[in-house]
Each structure stands twice: as C-alpha cells, then as structure tokens.
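Inspection log for the structure reproduced underneath, given as structure tokens.
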Amino acid sequence: MAVDKVKVASPATLSNLGSGFDVFGLALDEPYDEVEARRIDERRVIIERIDGWGAKSITTDPLRNSAGAAALAVLQRAKADFGLAISIKKGIRPCSGIGSSGASAAGGAYAANLLLDQPLPLEEVVYCAAKAEEATAGSFHADNVGPAVMGGFTLIKSYRPFRILRMDPPADLGVVVTMPDILVNTKEARKVLPQQVDLKSMVFEIGNASALVLGMCRGDVGLIGDSMQDIIVEPARAPLNPHLREAQQAARDAGASGTFLGGSGPCVIAIFDRTQTDGRDIERAVRAVYENNGIKCNSWVTSAGLGCRRI
C-alpha cells in the first residue's frame, strides 16, 4: 500500500524562453510552492488551507484551484478509490510570470501520484496538471507544468497527441529572475496575442527556437541566450509590462547572455554563463531600472532545477 500523506516542493518555471511559445519550459531551483496531501476516504478533493504569498486571492474551490483540479485529474485517471485533503504554501506570487498556478498544479498532481498504489507515468502526471491549467488559466498548455513535474528543460513536441520531451540543461546556465510589483493576468495577456503570423516572422521564430535547442545540446549558454529572441509574442505583451525593454537592455549591458519576458510577465528573465559571472551585477542592474521608476521588486539569482520533489 502507498503512503497516506506526502509533502512536495514544486518549483517556479520559465515558459516560452522567448522563441518557444507554449513549447519550451525550464524548471528553476527556487522559488517554489509546497503542497501537502493526505488520503481521505471520500472520493473527492478538499483544499483545507492556503498560506503564503497571495493566499487570500486563491480560491479553495477544488475545481478552480489548480492544485485541487490537478490532483483530482490524477485520481480520476488512475481510478483511485480514495480522495485527498490538500494544503498549499505559496512561495511563488500569483500573476508573476514564473508559473505560480503551474507550480501548484504540478505539486497537486505529483503529490496525488505519490499516494497512488500504482503511480502514473510522469508524462500522464504532466497531462493532468495541464488540464488543471486549462481550468484555471483558460487554455491547455504544459510549458510550465511540464518542467515543474519533470525538471530541467522540456519541450512539447505535440499537444494532440500529447508528447513532452526533456533534457538536462547546461550546468553553467545561470538565471536571474526579477519580479516587479506589477500584476499581469495570464488570461488577459493571452487576449492580446496575434491570431495570425506572417511567414517571415514564423521563419524567424523557428530558426531561433531550433538554435536554442542546439545550444542546450551543445552546452553553449551564449547561443541559448542569443536564440531567445521573439518578435511575435513578447512585443504584443510589452505594453502590459512597463519598463520591460529598459530592464532587458540593462541586463544585457551587465553581462546577460539573453533576456526574455517570463510567461505573460511581469518577471524579466536574464540568463548568464556561470563560468563568467555570478549574476549579481545583472540582478542589481535590472532592479535599478524598476526602483528608479518607483517600482519595488523581488529578485532571485538561481539556476535550473530538478522539478517536483518529496520533502
């Protein structure tokens, strides 16, 4: 018989990585949510408690809470004969652009899977978490929940049929995450996206996305950074993210190999080669852009992470 209670850490993630909209994802070492789940006899999911960053803004309705919806999807897919009571500690601010709802969804799905007598394959766990994202964020996408569950660098080969692939990113890949005190709603940010793309723009995106994957394979942080250019999605979302371009330029001037908008925003992401810098100058430069404009921010100098883990 499986255990009756588990607690997991589920990390923040980077989606898109510039040129890979709804396809690329990267798990971070920090920050992360904590999701605790215990078996109950009733065949349902209960959200007992939510603490931490932005907890008051998050529903306890298990069908609209990403952790609850994901856990329920796992139980239903596995035809489990029990339910779950879930507690969530948010370490990732909602509307951050680094996969806050995705971390909770991944944590709920992963915890539920650990409690099964016969756990599902990780790809199915990701699928269940992505279905929860559809319920809470309005679209079926796995670029956050994929790396949150599986760790490392992930790419969605296809959504129909669903297939996700992963690999370990270069050990020298460092990440600076800067989160200004601005809220960007994912549903609203998806509304501003162009519905049609011209051929030249499509070719540009494919070229950069392909080169980014090659950079991951080669361990070439410079190529990865140079391949994060996006001329379709990021420009459409830039008006929702004040000072984005200034922050990106400041990061590059301070030694970043590449920059991009984290998800819908407002987080600005900069990557760097850990053999050349510790990332602190980049962190200070980006923070200064926002603070000089009267905007408070939080920041992390971190690296790629292993995904959900039991704690």
Worksheet item: Looking at (1) in contact with a helix residue (DSSP H, G or I) (Cβ under 8 Å, 6 or more places away or on another chain); (2) free of Cβ contacts under 8 Å to residues at least 60 places away in the same chain, which is the one condition that is false for ASP172?
Response: (2)
Practice prompt. Collect the residues in segment 176-205 that are more than 21 Å from ALA270 (Cβ to Cβ) and of a type in the set (Ser, Thr, Tyr), keeping them in residue-number order.
Written response: THR186, SER201
Worksheet item: Only one of (1) more than 16 Å from the chain's Cα centre (by Cα); (2) surrounded by 14 or more Cβ atoms within 10 Å (Cβ to Cβ); (3) in a helix (DSSP H, G or I) is not met by LYS200, so which one is it?
Response: (2)
Item to complete: Could you grab me the full set of residues in segment 254-311 that are over 19 Å from the mean Cα position of the chain (by Cα), in contact (Cβ under 8 Å) with a residue 60 or more places away in the chain, assigned to a loop (DSSP other than H, G, I, E, B) and surrounded by fewer than 20 Cβ atoms within 10 Å (Cβ to Cβ)?
Response: ARG274, THR275, THR277, ASP278, ILE295, LYS296, ILE311
Practice prompt. Go through segment 41-66 and give me each residue that's free of Cβ contacts under 8 Å to residues at least 24 places away in the same chain and not in a loop (DSSP other than H, G, I, E, B).
Written response: LYS56
Fill in: Residue that is under 19 Å from ASP33 (Cα atoms) and either under 17 Å from the mean Cα position of the chain (by Cα) or at pLDDT below 95 (or both), where the choices are MET167, MET179
MET179
Response to the item:
When segment 203-227 is checked residue by residue, the ones that are in a loop (DSSP other than H, G, I, E, B) and under 30 Å from ALA135 (Cβ atoms) are none
Worksheet item: Does at least one position in segment 184-191 carry a residue that is out of contact with any Pro (no Cβ under 7 Å at 6 or more places or on another chain), farther than 25 Å from GLY279 by Cβ, hydroxyl-bearing (Ser, Thr, Tyr) and loosely packed, with under 14 Cβ neighbours inside 10 Å?
Response: no
Discussion item. Being surrounded by fewer than 16 Cβ atoms within 10 Å (Cβ to Cβ), in contact (Cβ under 8 Å) with a residue 40 or more places away in the chain and among the polar types (S, T, N, Q): is that true of ASN241 here?
Written reply: no
Response to the item:
Expected single match for closer than 21 Å to GLY151 by Cβ and either surrounded by 15 or more Cβ atoms within 10 Å (Cβ to Cβ) or more than 15 Å from the chain's Cα centre (by Cα) (or both) among PRO31, PRO62, PRO94 is PRO31
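How many residues are in contact with a Ser or Thr (Cβ under 8 Å, 6 or more places away or on another chain) and farther than 22 Å from SER19 by Cα when one looks only at segment 261-280?
1
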Discussion item. Can you tell me which residue is surrounded by the most Cβ atoms within 10 Å (Cβ to Cβ) among those in segment 160-169 that are in contact (Cβ under 8 Å) with a residue 24 or more places away in the chain and more than 17 Å from VAL221 (Cα to Cα)?
Written reply: ILE164
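The values are calculated or read from the model by the stated rules, or taken from the named source; none is laboratory data. Keep in mind it's a predicted model, so treat the numbers as computed, not measured. Cβ: placed from backbone, ideal geometry, glycine included. Neighbour counts: every protein chain shown.
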